[in-house]
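The values are calculated or read from the model by the stated rules, or taken from the named source; none is laboratory data. Bear in mind that the values here come from a model prediction, so they are computed numbers and not experimental data. Using ideal geometry, Cβ is built from the backbone for each residue, glycine included, and neighbour counts are taken over all protein chains shown.
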Amino acid sequence: MKREDIKVAVLRIEGTNCEEESYRAFKKLGTDAEKVHLKQLLDMDVTEGERRDLNDFHIVMIPGGFSAGDYIRAGAIFGARLKSGLGEELKNFVKTGKPVLGICNGFQVLVESGILPALNGKITNVPEAALETNDSNKFECRPTLLKVEENSKCVFTKMYEEGETVLFPSAHAEGKFVVDSEDKIEKLKENGRIVFTYTTPDGTSPEYPWNPNGSIENIAGICNPEGNVLGLMPHPERVFEKYTNPDWTRKCKEHSKGDGKLIFESVVKYVEENY
């Protein structure tokens, strides 16, 4: 498939606020990206020309923000709307291998809607994990170092080196990834489902603030068994360009791209080669 024919839906509802950076990341790579309101896919309060069909898109991204004010729990309302209005369509979208990316609030939405972690290979009606309030009990907004984990199946990281350290900014109040049993953690580990973990400049086990939320096993991002759905708390779209890295004048002048660019480049290449 030609890059200009790849259709990307950056989903939004009231309260999402990272759709512009996400949209621009995909547009800069030459795709046919579009900011799509959930109501356009649900055919609610829209004109004929505004309606959109999920199956017409090749990539779906749920961006960061505070969807529906993060009432109840972060991502809970957006997740419930997805399940009730697009549940079967989303299952089929994922089953066909099309990629879905959830960043920050988008990760929370994927967990609340049962799309992740899909521990037994299936999207569930009840969440199998949670993103709880940070251990600091406050909103954490800081540069965050992440390790690209080895043996990951994720289509969003194929252009990174395994074990590479990248800097993505974090900005969340409910980012602590938890599950209710050791067995679930082992399933994630055994199947290459842990994609990113928090780390330190010298690669040692991170304590606060290097792990900004207290996630178990320092988990920052996970994927589904097939690797075509990624949920990630820190924001790669905010370091798509090298000059948005906080240390770019000291450390990044020799780089041709920002640390987050390859998330988007990897998935676009995947679609180019497979559709």
Might you check whether a residue that is of a type outside the set (Phe, Trp, Tyr), under 17 Å from the mean Cα position of the chain (by Cα) and under 21 Å from GLY65 (Cα atoms) occurs anywhere in segment 243-257? no
Output for segment 149-189, where each listed residue is out of contact with any helix residue (DSSP H, G or I) (no Cβ under 9 Å at 6 or more places or on another chain), under 27 Å from GLU112 (Cβ atoms) and in a loop (DSSP other than H, G, I, E, B): GLU149, SER152, LYS153, ASP180, SER181
In segment 114-156, anything in contact with a strand residue (DSSP E or B) (Cβ under 6 Å, 6 or more places away or on another chain) and of a type in the set (S, T, N, Q) is listed as ASN134, THR144, SER152
Out of curiosity, is GLU19 under 16 Å from VAL109 (Cα atoms), crowded, with 17+ Cβ neighbours inside 10 Å and charged (D, E, K, R)? yes
Can you find a residue in segment 132-145 that is part of a loop (DSSP other than H, G, I, E, B), modelled with pLDDT under 95 and of a type in the set (Gly, Ala, Ser)? no
Hey, GLU21 part of a helix (DSSP H, G or I) and charged (D, E, K, R) or not: yes
In segment 51-71, is there at least one residue being aromatic (Phe, Trp, Tyr) and either touching a Leu at 6+ places or on another chain (Cβ under 7 Å) or surrounded by fewer than 14 Cβ atoms within 10 Å (Cβ to Cβ) (or both)? yes
Return the only residue of PRO234, PRO212, PRO201 being surrounded by fewer than 16 Cβ atoms within 10 Å (Cβ to Cβ) and touching a residue at least 40 places away in the same chain (Cβ under 8 Å). PRO201
Per-region count, segment 178-232, residues within 15 Å of ASP135 (Cα to Cα) and aliphatic (A, V, I, L, M): 4
Among residues belonging to segment 104-117 that are of a type in the set (Gly, Ala, Ser) and more than 13 Å from the chain's Cα centre (by Cα), point out the one that is nearest to PHE139 (Cα to Cα). SER113
For segment 174-198 the number of residues that are closer than 22 Å to PHE139 by Cβ and surrounded by 18 or more Cβ atoms within 10 Å (Cβ to Cβ) is 7
Neighbours by Cβ (under 7 Å, 6+ apart or cross-chain): first from segment 170-191, aliphatic (A, V, I, L, M); second in a strand (DSSP E or B): ALA171/CYS141; VAL178/ALA130; VAL178/GLU132; LEU188/ILE194; LEU188/ILE222
Note: among ALA33, ALA76, just one is in contact with an Asp or Glu (Cβ under 6 Å, 6 or more places away or on another chain) and either without any contact (Cβ under 8 Å) to a residue 40 or more places away in the chain or of a type outside the set (S, T, N, Q) (or both), namely ALA76
Could you list, in sequence order, all residues of segment 221-234 that are over 8 Å from the mean Cα position of the chain (by Cα) and either in a loop (DSSP other than H, G, I, E, B) or aromatic (Phe, Trp, Tyr) (or both)? ASN224, PRO225, GLU226, GLY227, ASN228, PRO234
Members of segment 118-141 found to be surrounded by fewer than 16 Cβ atoms within 10 Å (Cβ to Cβ), in contact (Cβ under 8 Å) with a residue 60 or more places away in the chain and under 18 Å from the mean Cα position of the chain (by Cα), listed by number: none
